[in-house]
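Student: Structure provided below as structure tokens; questions to follow.
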Amino acid sequence: MKYLCLIYYDEQRVDEMNDEQWQALVARCLACGEELRASGHMLAGEPLQAVRTARTVRVRDGVATVVDGPFAETREQLAGFYLIEAADQGEAEAIAAKIPPATFGSVEVRPLRQLPQR
């Protein structure tokens, strides 16, 4: 089954990292991605730009409105994602626990919905 691992962290905390800390985090993330690819679990994954670059699009009564940001009521913001293949929710959660930002943020694990075939 496919799972989406949504990676959240506090951008302010990351912005406060010095270069050495940032490089160490990036290296751990790259190593994690390589490990997941080598094991056959990783299907895709990408980091996202800072939340300040986000725009939200809503269509109401046929009219599109675009506004700045997501407006989450949390300091943790979506930072990236991994799309993984796992046997079950437990295995997906074990994989998510290995994603480095889980040590100072969180990783939400959600199974992908299977749409009916036509």
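Student: Does any residue of the range 45-63 turn out to be of a type in the set (D, E, K, R) and at positive phi?
Tutor: Yes, the conditions are met somewhere in the range 45-63.
Student: Can you confirm whether the range 1-13 contains a residue that is without any contact (Cβ under 8 Å) to a residue 24 or more places away in the chain and of a type outside the set (S, T, N, Q)?
Tutor: Just the residues of the range 1-13 that are without any contact (Cβ under 8 Å) to a residue 24 or more places away in the chain, to begin with: none.
No, the range 1-13 contains no residue that is without any contact (Cβ under 8 Å) to a residue 24 or more places away in the chain and of a type outside the set (S, T, N, Q).
Student: Taking Ala102 as meeting all but one of (1) part of a helix (DSSP H, G or I); (2) of a type in the set (A, V, I, L, M, F, W, C); (3) closer than 17 Å to Tyr3 by Cα; (4) over 11 Å from the mean Cα position of the chain (by Cα), write down the number of the exception.
Tutor: Answer for Ala102: the failing condition is (4).
Student: Same structure again: What is the residue count in the range 92-118 for residues that are closer than 20 Å to Glu35 by Cβ and acidic (Asp, Glu)?
Tutor: Of the residues in the range 92-118, 1 are closer than 20 Å to Glu35 by Cβ and acidic (Asp, Glu).
Student: Residue by residue through the range 5-17, note down the ones that are open to solvent by less than 50 Å² (accessible area, probe 1.4 Å) and over 25 Å from Ala44 (Cα atoms).
Tutor: The one that is open to solvent by less than 50 Å² (accessible area, probe 1.4 Å) and over 25 Å from Ala44 (Cα atoms): Met17.
Student: Could I ask something else about it? Looking at Glu46, Glu20, which is the one that is open to solvent by 100 Å² or more (accessible area, probe 1.4 Å) and either assigned to a strand (DSSP E or B) or in contact with a Lys or Arg (Cβ under 8 Å, 6 or more places away or on another chain) (or both)? Full working, then the answer.
Tutor: Values: Glu20 fails: either assigned to a strand (DSSP E or B) or in contact with a Lys or Arg (Cβ under 8 Å, 6 or more places away or on another chain) (or both).
Glu46 is the lone residue from the list that is open to solvent by 100 Å² or more (accessible area, probe 1.4 Å) and either assigned to a strand (DSSP E or B) or in contact with a Lys or Arg (Cβ under 8 Å, 6 or more places away or on another chain) (or both).
Student: Okay, moving on. Checking the condition under 29 Å from Gln114 (Cβ atoms), in contact (Cβ under 8 Å) with a residue 12 or more places away in the chain and either loosely packed, with under 14 Cβ neighbours inside 10 Å or in contact with a Phe, Trp or Tyr (Cβ under 7 Å, 6 or more places away or on another chain) (or both), which residue from Ala79, Ala54 passes?
Tutor: Among Ala79, Ala54, only Ala79 is under 29 Å from Gln114 (Cβ atoms), in contact (Cβ under 8 Å) with a residue 12 or more places away in the chain and either loosely packed, with under 14 Cβ neighbours inside 10 Å or in contact with a Phe, Trp or Tyr (Cβ under 7 Å, 6 or more places away or on another chain) (or both).
Student: A follow-up question, please. Please find, among Arg37, Arg13, Arg28, Arg52, the residue that is modelled with pLDDT under 85, of a type outside the set (Ser, Thr, Tyr) and part of a helix (DSSP H, G or I).
Tutor: The conditions single out Arg52.
The values are calculated or read from the model by the stated rules, or taken from the named source; none is laboratory data. Quick caveat: nothing in here was measured; it's all calculated off a predicted structure. Heads up, the Cβs are rebuilt from the backbone with ideal geometry, glycines too, and the neighbour counts pull from every protein chain shown. Heads up: the accessible areas ignore ligands, DNA and RNA and are worked out on the full protein's heavy atoms, side chains in. Shrake-Rupley method; radii C 1.70, N 1.55, O 1.52, S 1.80 Å.
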